[in-house]
1. Name the residues in the stretch 41-52 that are surrounded by fewer than 16 Cβ atoms within 10 Å (Cβ to Cβ) and in a loop (DSSP other than H, G, I, E, B), would you?
2. If you go through the stretch 245-252 one residue at a time, do you hit one that is touching a strand residue (DSSP E or B) at 6+ places or on another chain (Cβ under 7 Å), surrounded by 14 or more Cβ atoms within 10 Å (Cβ to Cβ), free of Cβ contacts under 8 Å to residues at least 40 places away in the same chain and part of a helix (DSSP H, G or I)?
3. For the structure I just gave you, tell me whether Leu217 is under 18 Å from the mean Cα position of the chain (by Cα), in contact (Cβ under 8 Å) with a residue 40 or more places away in the chain and more than 23 Å from Thr105 (Cβ to Cβ).
4. Evaluate the following for Ala18: is it under 29 Å from Ile119 (Cα atoms) and surrounded by 12 or more Cβ atoms within 10 Å (Cβ to Cβ)?
5. So Pro124 passes all but one of these: (1) of a type outside the set (Gly, Ala, Ser); (2) at pLDDT 90 or above; (3) surrounded by 13 or more Cβ atoms within 10 Å (Cβ to Cβ). Which condition number does it fail?
6. Mind checking which residues of the stretch 202-246 are within 17 Å of Arg158 (Cβ to Cβ) and among the charged types (D, E, K, R)?
7. Filter the stretch 213-227 down to the residues that are in a strand (DSSP E or B) and either under 21 Å from Leu162 (Cβ atoms) or not assigned by TED's automatic domain parsing to the domain that holds Leu95 (or both) and list them by number.
8. Can you name the number of the only condition in (1) out of contact with any strand residue (DSSP E or B) (no Cβ under 7 Å at 6 or more places or on another chain); (2) farther than 21 Å from Glu138 by Cα that Leu239 fails?
Amino acid sequence: MSEDSATGKPVAGTVVTAARILEYIGDHGKVYPRDLARDLELNRSTVHRMLYTLEILHYVGKQPDGGYRLTFHLFEIGNSVPHSYDLIDTARRELIQLSHDTGLTVNHGVNHDDQVLYIDKATPPTYLQLDRSVGETEPLHCTSVGKVLLAFCPEEEREATLQRLSLDEYTPNTITSIDELRRETDSVRSAGYAIDRQELALEVRCVAVPVRRPDGLAMSAISLSGPEDRLTFELIDQLLPRLTGMAERIQGNIAVSSKQRS
């Protein structure tokens, strides 16, 4: 039994080791026991014992060449998280309807480990795909969803996050200054929405609004994305009331669902 350095409370070392192994496999796709032992500085017998246990529990699967991959069991568990918060179930129909009506991609994301994690999307039947797949991540500082999530979180938490972020430059429009990003999030909070001005990818524009908690902070954010020559600033002005109204309905649906469960 070891202790958490931050709290001093005891933690189960075997659970920590198992988590490190699962995260390593997730980062590398397929791994071999020798690589796990070397990179995680673990005894080979420990690695084999842990992998065997994780395989029995269906978290990993052994490949014919001796490598190990994660299984869909982890996906099933992870996919239950947003459902448990009613984020997907209450928003799904709204996302599909808005995408159908506008011909644009609608993304639904949350803040996870200082990144935008996309938990759902609705895509129009067009040849051009402009969004991330569900479960993928994007940076906070150069996406409309990310800027909304930063703007509508507690001030102390936002400042701590800003200090941790690596403000990598993806296009000439990317915000790479913490002071500029701080001003941007202040503006977003005041306006109630954020725009990605081709900050992550050229020729792509996005606009996002928060799905708020009862205290006004964001539990998630919803965005519309499209080619910059189609999703013009004039069209954004036209669609913002629709996007904001959708977020408000989702908030109301979540509140009703929560009352029904309590």
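The values are calculated or read from the model by the stated rules, or taken from the named source; none is laboratory data. These numbers come from a predicted model, not from an experiment. Note that we place each Cβ from the backbone using ideal geometry, even for glycine, and neighbour counts take in every protein chain shown.
1. Correct list: Glu41, Asn43.
2. Yes, the stretch 245-252 has at least one match.
3. Details: under 18 Å from the mean Cα position of the chain (by Cα): yes; in contact (Cβ under 8 Å) with a residue 40 or more places away in the chain: yes; more than 23 Å from Thr105 (Cβ to Cβ): yes.
Yes: the conditions hold for Leu217.
4. Numbers: under 29 Å from Ile119 (Cα atoms): yes; surrounded by 12 or more Cβ atoms within 10 Å (Cβ to Cβ): yes.
Taking the combined requirement at face value, the residue satisfies it.
5. It fails just one condition, (2).
6. Those that are within 17 Å of Arg158 (Cβ to Cβ) and among the charged types (D, E, K, R): Arg212, Arg213, Asp215.
7. To start, the set of residues in the stretch 213-227 that are in a strand (DSSP E or B) comprises 218-227.
Correct list: Ala218, Met219, Ser220, Ala221, Ser223.
8. The number of the failed condition is (1).
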